Amino acid sequence: MKLEAVDLMEPRLVCVATVKRCVGRLLLIHFDGWEDEFDQWVDHQSPDIYPVGWCELVGYQLQPPPGLESTVGSG
């Protein structure tokens, strides 16, 4: 499942992410385009995860996966 998630190491960033695993109430969040070592566990009711489209709805900048920054908006 795709979502938009706050990077807990850099809380001002909301990034494209994927739910990689579920264990009870916990979700393993993988930030798209990053190595697995940056994955983070969060509670399924965390205020730091949002549905796809949340950033656009509220006017907040969504961070694209690394390597896509230069292609966003060029098409």
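Odds and ends about this structure:
Yes/no matrix, rows are residues, columns are (1) hydrophobic (A, V, I, L, M, F, W, C); (2) surrounded by fewer than 16 Cβ atoms within 10 Å (Cβ to Cβ):
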{"residue": "5", "(1), (2)": "yes, no"}
{"residue": "10", "(1), (2)": "no, yes"}
{"residue": "16", "(1), (2)": "yes, no"}
{"residue": "22", "(1), (2)": "yes, yes"}
{"residue": "41", "(1), (2)": "yes, yes"}
{"residue": "62", "(1), (2)": "yes, no"}
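- Check on residue 28, in a strand (DSSP E or B), surrounded by fewer than 16 Cβ atoms within 10 Å (Cβ to Cβ) and in contact (Cβ under 8 Å) with a residue 40 or more places away in the chain: no
- Number of residues in segment 55-75 that are at pLDDT 95 or above and either over 14 Å from residue 4 (Cβ atoms) or part of a helix (DSSP H, G or I) (or both) equals 4.
- Residue list for segment 3-25, filter: small (Gly, Ala, Ser) and outside any loop (DSSP other than H, G, I, E, B): 5, 17
- Filter pass, residue 30 being modelled with pLDDT of 95 or more and touching a helix residue (DSSP H, G or I) at 6+ places or on another chain (Cβ under 9 Å): yes
- Residue list for segment 15-33, restricted to those being out of contact with any Phe, Trp or Tyr (no Cβ under 6 Å at 6 or more places or on another chain) and farther than 18 Å from residue 52 by Cβ: 21, 23, 24, 25
- Output for segment 33-54, where each listed residue is assigned to a helix (DSSP H, G or I) and closer than 19 Å to residue 9 by Cα: 36, 37, 38
- Of all residue pairs spaced 6 or more apart or on separate chains, none has beta-carbon atoms under 7 Å together with a first member in segment 31-48 that is farther than 13 Å from residue 7 by Cα and in contact (Cβ under 8 Å) with a residue 40 or more places away in the chain and a second member that is of a type outside the set (Val, Ile, Thr) and in a loop (DSSP other than H, G, I, E, B).
The values are calculated or read from the model by the stated rules, or taken from the named source; none is laboratory data. Since the model is a prediction, treat every value here as computed from it, not as a measurement. All Cβ positions, even for glycine, are placed from backbone atoms using ideal geometry, and neighbour counts span all protein chains on display.
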